[in-house]
1. Calculate, for ARG86 and ASP53, the FRET efficiency according to 1/(1 + (r/R0)^6) with r their C-beta to C-beta distance and R0 22 Å; round to the nearest 0.05.
2. Taking a cut-off of 20 Å between Cα atoms, list the aspartates and glutamates near LYS21, but don't count ones fewer than 8 places away on the same chain.
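Computed from the coordinates by the stated procedures, all read-outs in this text should not be read as laboratory data. Every value quoted in this text rests on a predicted model; they were computed, and no experiment measured them. Cβ placement follows ideal geometry from the backbone for every residue including glycine, while neighbour counts extend to all protein chains displayed.
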Amino acid sequence: MSLKHRIADASYRFYGRMRHKTAFDSAVQPGTALDFAGLHGRKHALLVTYRRDGTAVPVPVWFALIDDSRLVVHTEERTAKVRRIRHDPRARVVPCDPRGKVLGPGVEATARILSVGEESDLAEAALDRQYGRPRRIQHKLMLDEGGMVHLELTAVPPS
């Protein structure tokens, strides 16, 4: 395993321990918002994905809004959230602080992995506009660019 992977894994464990105590409680609450409009001006969202047994797993992420019904996230392909999305595209997105403390109502969503090329380039441009230099530095230091994917989440209004 490369040094970058070991550093990234240590970082994931650290942030997992620092996750706000209410993140898991909030993850099981159904989304009530109609779209992602509640994420305007926010820097973090709690991305909730589902294990095979249906357990909700919340992870704070950086995101960029494409419009009020779509947002994108950039992550390592080897992460558990990507494996969960490949198995079950259901997701929930909730505004939060960096530790995962919920700051507003969640939105039910479906997730998909964007194809490399134009879709991925548009997602990367949106994320770069949202975070700029701090994100570029973090990715340069921590992440192996060869194994990265972009996720697109589309809001599914409650029925």
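1. That gives a FRET efficiency of 0.85.
2. Answer for LYS21, where 20 Å is the Cα cut-off: ASP97, listed by chain and number.
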